[in-house]
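The values are calculated or read from the model by the stated rules, or taken from the named source; none is laboratory data. All figures in this text were calculated on a predicted structure; none of them were measured in a lab. Cβ atoms come from the backbone with ideal geometry, glycine included; neighbour counts cover every protein chain shown.
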Amino acid sequence: MRLTLKSWMRSLLFIGVFLLVTAPFNVIAQQTAHVKNGNFWPYFYREVERNSLDIVYLGNSHSKTTFIPEVIDRLLGTNSLHVSTVGSSIYQTQFEFQEVLRYQDPQLIILEANPIYSGSTADDIKSWDYSFFYAMPFSARKFIYAHRFFDEDDLLKFYLPFTSYHADWKNPEQARERADEALELLRQRIDADWQVELPYQGYENYLVSLPLETEYAIDVDSGACPIPDFNERLQITENMLQAATQDGQAVVMIETPQFVNPFAGCREQTTALAARYGVEYISLLDDAPRPPLWFGDDEHMTQFGALIASVETAQYLADRLDIAINKDILEIYRRYFFSDYTFEREGDMVEIALFPDNPQAMANMNITWYGMHNGESFLEEGEDGMITLIFQLPELDAKYFIRVVMFDPAIHYYVRGGFTFVPD
């Protein structure tokens, strides 16, 4: 039976109304994915001009807490950006790699090595883990990606995004609340002209350093590789390196530091693969000590460690890209280099001392200390060069957070760190 013009119009009207009703929930699905995975793909797609990046960092949270683009760019005069996704494994990184090359032709892609060793296996990856997908511009390619990545249940999250937010249609009040949230998100994004706040070009700062007495009972066999699907991960990595070679794209693989590295035994196979494709594999700070000051947990760096790692990366890239490093700014950043700290308590008196690599460089550094306990401020002290803090505890039965902020007006740069403790 032939459809009449009136029938066609009704069908088109239904589709239009359906899209109008579900559009706000698409915003929720997109927003939830970005928040959950801590990624900056919206910025990459909407606000970065094509072929405008010199360096792109691909990886996961290890990349985002180690490389500080602002530092590297100031030293080298480059324009760099994180498009890493928290928790990403090489199974996702391979597609993120493809998306980067669709929009950018950077001088260098830094492939942070951790996704090869950790992150979800292929069977464990869920639709939310493909974070770049939710930020992609609406296109036929987005539909192709959806059918390529998602199973039948996950496809419902694409075609009916409201279901992906776990709303209970039998509960009208919850459905109304979800709708209000979606509309508010949409309003906020329209008011903000769809801009994404991107501090440090995607860098994330772990503020709190490890306690000095931290011990990790991890039995690490430096000669063994404890990854069951490591061969599959290596194969995907090889596919990426093959594509980069064919495209003429320069790639460097960098292994970021960890307080304890359980995957050191896997490194030899990865470096051998990189060497076959003429790709350099760098282990940052591999011959350096691992002070607790540098790490917020056993895997991720604080700003103290990330600054040192970023400067070392910039020095390496200067040679790799044949770029002159700014020695004046390099010298300023080196003023912020700290190797360790001490924490001593006697009764209700506490002393925290930082150990800079160059104590004389601290003389004109503006340093302020802040103290919080039970959510309330009890301390604010500061003066130039104040690398030691001595204070009295207001009470012994409380959790304390001590924050230090250092500022050098010469380049208007801050370094922030922190310590938490509970008196015995």
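Cβ separations smaller than 7 Å between residues 6+ apart or across chains give the following pairs from the stretch 276-298 residues that are within 10 Å of LEU210 (Cβ to Cβ) to residues that are among the charged types (D, E, K, R) and outside any loop (DSSP other than H, G, I, E, B): PRO291/ASP340; LEU293/ASP340. Looking for something part of a loop (DSSP other than H, G, I, E, B) and closer than 20 Å to ARG74 by Cα - is there at least one such residue anywhere in the stretch 311-321? Yes: the stretch 311-321 contains one or more residues that are part of a loop (DSSP other than H, G, I, E, B) and closer than 20 Å to ARG74 by Cα. From the list GLU238, GLU232, GLU268, the lone residue that is of a type in the set (D, E, K, R), over 29 Å from LEU307 (Cβ atoms) and loosely packed, with under 13 Cβ neighbours inside 10 Å is GLU268. Considering only residues that are out of contact with any strand residue (DSSP E or B) (no Cβ under 7 Å at 6 or more places or on another chain) and acidic (Asp, Glu), look in the stretch 222-276 and name the one that is farthest from GLY296 (Cα to Cα). Filtering first and then ranking leaves ASP247. Just one residue in the set GLU213, GLU204, GLU181, GLU255 is modelled with pLDDT under 90 and either among the aliphatic types (A, V, I, L, M) or in contact with a Lys or Arg (Cβ under 9 Å, 6 or more places away or on another chain) (or both); that residue is GLU204. When the residues of the stretch 59-109 are filtered to those that are among the charged types (D, E, K, R) and within 16 Å of the chain's Cα centre (by Cα), the one that is surrounded by the most Cβ atoms within 10 Å (Cβ to Cβ) is LYS64. Listed here are the strands (runs of 3 or more DSSP E) enclosed by the stretch 340-424 that have at least 3 residues being touching a residue at least 40 places away in the same chain (Cβ under 8 Å) and in contact with a Gly (Cβ under 6 Å, 6 or more places away or on another chain): 400-408. Return the residue satisfying two criteria in turn: it lies in the stretch 318-337 and is over 15 Å from PHE355 (Cα atoms) and touching a strand residue (DSSP E or B) at 6+ places or on another chain (Cβ under 7 Å), and of such residues it is surrounded by the most Cβ atoms within 10 Å (Cβ to Cβ). Among those that are over 15 Å from PHE355 (Cα atoms) and touching a strand residue (DSSP E or B) at 6+ places or on another chain (Cβ under 7 Å), it is ILE332.
With respect to (1) at pLDDT below 95; (2) among the aliphatic types (A, V, I, L, M); (3) loosely packed, with under 13 Cβ neighbours inside 10 Å, the lone exception for VAL415 is condition (3). Selection within the stretch 325-363: residues that are within 27 Å of the chain's Cα centre (by Cα) and of a type in the set (A, V, I, L, M, F, W, C). The member of this set that is nearest to PRO106 (Cα to Cα) is ILE325.
Candidates are the residues of the stretch 133-142 that are under 22 Å from SER88 (Cα atoms) and assigned to a helix (DSSP H, G or I); the one that is modelled with the lowest pLDDT is TYR134.
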